[in-house]
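What follows is one structure encoded as structure tokens, with my remarks underneath.
The values are calculated or read from the model by the stated rules, or taken from the named source; none is laboratory data. The structure presented is a predicted model; accordingly, all values stated were derived computationally and were not measured. For neighbour counting, all protein chains shown are included, and Cβ atoms are generated from backbone atoms with ideal geometry for every residue, glycine included.
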Amino acid sequence: MKKLIILSLSVLLLFILADTTEATLSCLPRSSSCLAGENVVLKMSASSNAHAELPSQSNYSNYVCCSGISGTLCGSGITAFLKLSALTNAQVERADYFNYANSACLIPLAGETISCNYQPTSCSGGYTCLASISADTNAHVAQCGVYSTQVCCFASTVEQFTFTLNLNPASRTAFRNSQTYTDIQLVRQTGTAENVVFNPLTVPNGVTYQFSSPNCTPTINCNSTLTFFISDYADLVTNYNINICGTATGGSGASACQNFYLTITDSGTQIVAPTVSTDVANPVGQTTATLNGTLGSLGGASLCLVWFEWGPTTSLGNSTAVQTKTLQGTFSASLSGLNPNTKYYFQAFAKNGGSW
């Protein structure tokens with residue numbers, strides 16, 4: 001029997017630092033043209049005490065040429081290193097000032113980012129110098145080292161997210177009208193962790209499945225349990241290959257798959273619905289609570305899935321993570337981020353292969 005418990009009273013924020021490595025960005029002054037593999041990023045009327053123009057203009061012969069970029073067209077998300085008062089014959093200012101409307105920009109190579117700053121005397125910390133300016137705004141421009149403020153930029157490569165997927169065990173034998181499972185572990189290999197969604201690409205006829213968590217983010221590693229519910233009419237198969245995959249949703253496109261081999265035989269134990277009860281929440285804090293329940297029986301199954309549903313009304317509306325139990329007994333789940341002095345309702349649930 002299930003009952004509602006009222007308690008008076010969940011957000012874990014995960015901060016991840018990006019993994020980056022230094023890329024090659026190099027800039028030099030040249031006369032009239034750039035070398036192969038370089039892009040002109042700025043033109044000056046002289047090597048010092050100069051006005052500037054954008055690369056699209058053709059009035060000046062003192063070039064700033066950079067390699068390690070893919071272009072200079074400004075746009076959303078593109079790094080500007082200077083702003084000009086006009087397209088040509090222009091005063092300049094720092095790119096983080098807002099007096100001038102014409103930006104000089106660097107487009108990074110694929111998989112890279114570029115950042116720029118302004119340093120005294122010389123560029124340090126792996127930054128390369130593009131030019132020097134006489135002031136923060138309304139400034140003349142010169143080659144590096146002429147003025148005290150150096151225009152410095154740095155390119156870095158953001159490592160792509162990759163991960164491995166492991167199954168334990170990698171094969172199972174189960175009866176019709178039963179259930180079985182495998183544990184999934186994701187291990188981050190490189191890059192900043194992204195959310196990974198699980199999916200078994202194929203399952204036999206008469207077999208359904210449920211993940212204890214349908215997705216996870218492997219900051220280091222993360223886990224889920226995949227349970228297969230095998231009906232009494234499921235196909236009899238031997239070493240049926242179920243390709244279990246994880247696919248990243250954060251933009252990297254990373255994915256990994258492992259094969260799980262399922263054998264289904266024709267005899268088994270009759271499975272009935274499990275029994276579960278909802279117990280008193282304890283402990284309960286101002287914004288936290290631990291929900292408690294008891295699995296009275298597994299209903300003849302080898303395992304059961306248990307969880308809680310909860311919410312500020314009897315409609316509930318929220319669910320805790322699904323847990324896998326192979327023995328009867330108590331189980332619990334912790335909530336956080338609850339509103340103080342608020343009434344919440346919760347209920348324990350359980351299911352096995354005979355109750356779905």
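Any residue at all in segment 248-258 that is closer than 21 Å to S319 by Cα, within 34 Å of the chain's Cα centre (by Cα), at pLDDT 95 or above and crowded, with 17+ Cβ neighbours inside 10 Å? The answer is no, given that none of the residues of segment 248-258 is closer than 21 Å to S319 by Cα, within 34 Å of the chain's Cα centre (by Cα), at pLDDT 95 or above and crowded, with 17+ Cβ neighbours inside 10 Å. Residue-level check: of (1) crowded, with 17+ Cβ neighbours inside 10 Å; (2) in contact with a Phe, Trp or Tyr (Cβ under 9 Å, 6 or more places away or on another chain), C222 misses just (2).
Taking residues in segment 85-108 that are under 14 Å from K43 (Cα atoms) and of a type in the set (V, I, T), and partners anywhere that are modelled with pLDDT of 95 or more and surrounded by 19 or more Cβ atoms within 10 Å (Cβ to Cβ), the pairs with Cβ atoms closer than 6 Å and at least 6 places apart or on different chains are T88/E53; V92/A52; V92/L82; V92/L84; V92/I133; V92/A139; V92/V141.
For segment 136-164, filtering for residues that are more than 19 Å from F81 (Cβ to Cβ) and charged (D, E, K, R) leaves 1. A single member of V306, V280, V322 is under 23 Å from T342 (Cα atoms) and of a type in the set (V, I, T), and it is V280. Scanning segment 292-343 for residues that are part of a loop (DSSP other than H, G, I, E, B) and of a type in the set (G, A, S) yields G299, G300, A301, S302, S315, G317, A321, S336, G337. If I filter segment 272-292 down to residues being surrounded by fewer than 19 Cβ atoms within 10 Å (Cβ to Cβ) and in contact with a Pro (Cβ under 8 Å, 6 or more places away or on another chain), which single residue comes out as nearest to Q210 (Cα to Cα)? Checking each candidate, the answer is T290. Residues of segment 95-142 that are in a loop (DSSP other than H, G, I, E, B) and either buried (at least 19 other Cβ atoms within 10 Å of the Cβ) or touching a Leu at 6+ places or on another chain (Cβ under 7 Å) (or both): A95, Y100, C123, Y127, H140. Every condition in (1) modelled with pLDDT of 95 or more; (2) more than 22 Å from N138 (Cβ to Cβ); (3) small (G, A, S) is met by G75 except one, and the failing one is (1).
Is it fair to say V64 is farther than 28 Å from G253 by Cα and outside any loop (DSSP other than H, G, I, E, B)? Answer is yes for this residue.
Considered as a group, the residues in segment 293-343 that are among the aliphatic types (A, V, I, L, M) and more than 15 Å from T278 (Cβ to Cβ) include one that is surrounded by the fewest Cβ atoms within 10 Å (Cβ to Cβ), and that residue is L327.
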